[in-house]
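Remarks on the structure that follows.
Any read-out appearing in this document is the output of simple, stated calculations on the displayed coordinates, not a laboratory observation. Keep in mind the model is a prediction, meaning the values are calculated, not measured. With ideal geometry, Cβ positions are generated from the backbone for all residues, glycine too; neighbour counts draw on all protein chains shown.
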């Protein structure tokens, strides 16, 4: 058995965990503040929240800069860590995957459990990230080695498996009209795909972009005013261009559909999405805009994305990323010899 810690912010961590767990031939227990998804194949430990209460009343949350989130005398944090420790003591997992928490990775290692840390792009040279990446037995990088994150310590690279991006849609057949070679210029479609982790884009900016592109039909999924679809695959396949942020999950789903894209990185801790945008630019995989374009820029921006096309996404998401991740976890947990 292995454990898989799932961070509660946004949907990307959970979707990645679900995709990996679905490919695992060995038992996987999820640990998270989030409720267990309906398709989770094993046990699930629901953890107490550790971010409740008045932020102004919290004390020394970074332990003098050595951790990211460890407020003093916080009952939620105490209960959370106790629950994880109790599960480890009872289940004795071969490995714990942290996706993503420095503190959970450290706890597992202090209890003698090998750890795999899902790596994140951006500036990760702060003391907490250095510690987590240093102590990990395995770093899973959900992007291709050809677009590796620059500036990493050499000993991180030696234990990193670059899986490429992966999503729940890998291997799913494309739906019409995504297979159509042409479409009338009066019926071109934009899918604006916003995340659940917050957005810097205002409704006014979206409206201005729509008004400036009258020959494009816009559909919005996610965000405070967008629609919601349990299965966005048909909308992805129908889009001539996808406009999205630079979160790993959104890009992996766009890549699975091989759709042309405009990517607008959002503000995130450690510059994660900006770093991802730079990688996409290096690979010429999408049109990357550092900020939401002005209204008059949108017609040209969408045309450039459509002209670039979506075939380059095969470099980013080759289609077997989840299988690569599972093989790496099996090797790190010594399950490989049992399979």
Note to self: Under the 0.36 nm per residue contour assumption, what length would be gained going from the current alpha-carbon distance of residue 311 and residue 175 to full extension?
What the structure shows: 47.4 nm
Check: What's the angle, to the nearest 10 degrees (0 to 90), between helix 12-23's Cα axis and the longest principal axis of the chain?
Finding: 70 degrees
Next item on the list: Would you please give the FRET efficiency between residue 131 and residue 205, computed as 1/(1 + (r/R0)^6) with r the Cβ-Cβ distance and R0 = 41 Å, to the nearest 0.05?
Entry: 0.60
Note to self: Sort 19, 90, 125, 199 by Cβ crowding within 10 Å, fewest neighbours at the top.
What the structure shows: 90, 125, 199, 19
Notebook entry, point to check: If you line up the long axis of helix 321-332 against the longest principal axis of the chain, both from Cα atoms, how many degrees apart are they, to the nearest 10?
Noted result: 10 degrees
Check: How high is the relative contact order of segment 188-316, in percent, counting Cα pairs under 8 Å that sit 6 or more residues apart?
Finding: 27 percent
Note to self: With angles folded into 0 to 90 degrees, how steeply does helix 272-283 sit against the dominant principal axis of the chain? Use alpha carbons for both and round to 10.
What the structure shows: 50 degrees
Checklist line | FRET efficiency for residue 152 and residue 334, using Cβ-Cβ distance with R0 set to 22 Å, rounded to 0.05 | finding: 0.25
Item checked: Gain on full stretching of the segment that runs from residue 281 to residue 57 - 0.36 nm per residue minus C-alpha separation -> 76.4 nm
Item checked: Taking 38, 240, 137 and counting other C-beta atoms within 10 Å, the order from fewest to most -> 38, 137, 240
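List the relative contact order of the chain as a percent without decimals, with contacts defined as Cα pairs under 8 Å and 6+ residues apart.
On the way: 641 pairs, mean separation 59.4, N = 339.
That works out to 18 percent.
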Item checked: Ranked 254, 24, criterion: other C-beta atoms within 10 Å, fewest first -> 24, 254
Item checked: Computed helical MRE - 222 nm, the chain, DSSP H runs ≥ 4 contributing -39500 (n - 2.57), nearest 500 -> -10000 deg cm²/dmol
